[in-house]
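The values are calculated or read from the model by the stated rules, or taken from the named source; none is laboratory data. All values derive from a computational prediction rather than experimental measurement. Here the Cβ positions follow ideal geometry from the backbone for every residue, glycine too, while neighbour counts run over all protein chains shown. All accessible areas refer to the heavy atoms of the entire protein, side chains included, with ligands and DNA or RNA removed. Shrake-Rupley method; radii C 1.70, N 1.55, O 1.52, S 1.80 Å.
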Amino acid sequence: MDQAQKLRQLVERKRQDLLKPKFKVITISSGKGGVGKTSFVVNLATSLAKRGLKVGILDADFGMANVDIMFGCLSKNNIFDVFSGNKTLSEIIIRTEEGIEIIPGGSGLNKIYNIDEEKKTTTYTTILRILQL
């Protein structure tokens, strides 16, 4: 072993640490409504937050979004405000008493499907960046 071997090993370990994901994404979905997805998400998020983990929820139900309501936080803004350019993502995030950050979906937002792909991609990228902090 030469003098720099230990340093190379330290650098390699640090490089491996940087390649590890900084966050995990858990997706809850179903092809049928009314099966308890929102209740499950709220309970899972609360459980994880109580264990000291930082938790963020993107309520992507654009027809009947109500994660914010289940936490007792009625949102004035939602993800559509970001897509349309009226608000930034940080302006719409709600923080619950449990410390969970919610990106509200909104209800009856059929017009979200008419937003151009570039704006959708930019917003999704921003969402992922914020959730990993």
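Quick look at the numbers
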item: Pairs, first in contact (Cβ under 8 Å) with a residue 12 or more places away in the chain and aliphatic (A, V, I, L, M) in segment 32-45, second open to solvent by less than 50 Å² (accessible area, probe 1.4 Å) and in a loop (DSSP other than H, G, I, E, B), C-beta under 9 Å, six or more apart; result: 41/59; 42/71; 42/100; 44/55; 45/55; 45/71; 45/96; 45/100
item: Residues of segment 32-51 that turn out to be farther than 18 Å from residue 99 by Cα and at pLDDT 95 or above, as a count; result: 0
item: Where a residue in segment 72-84 is closer than 15 Å to residue 57 by Cα and loosely packed, with under 15 Cβ neighbours inside 10 Å and its partner, wherever it lies, is aliphatic (A, V, I, L, M) and at pLDDT 85 or above, with Cβ under 7 Å and at least six apart; result: none
item: Filtered residue count, segment 64-89, keeping only those that are in a helix (DSSP H, G or I) and modelled with pLDDT under 90; result: 6
item: Candidates 28, 57, 92 - the one that is touching a Phe, Trp or Tyr at 6+ places or on another chain (Cβ under 7 Å) and either of a type outside the set (D, E, K, R) or more than 28 Å from residue 119 (Cα to Cα) (or both); result: 28
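Residue-by-condition table, conditions (1) open to solvent by 80 Å² or more (accessible area, probe 1.4 Å); (2) out of contact with any helix residue (DSSP H, G or I) (no Cβ under 7 Å at 6 or more places or on another chain); (3) over 28 Å from residue 83 (Cβ atoms); (4) aromatic (Phe, Trp, Tyr):
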residue: 13; (1), (2), (3), (4): yes, yes, yes, no
residue: 22; (1), (2), (3), (4): yes, yes, no, no
residue: 28; (1), (2), (3), (4): no, no, no, no
residue: 33; (1), (2), (3), (4): no, yes, no, no
residue: 38; (1), (2), (3), (4): no, no, no, no
residue: 44; (1), (2), (3), (4): no, yes, no, no
residue: 48; (1), (2), (3), (4): no, yes, no, no
residue: 52; (1), (2), (3), (4): no, yes, yes, no
residue: 58; (1), (2), (3), (4): no, no, no, no
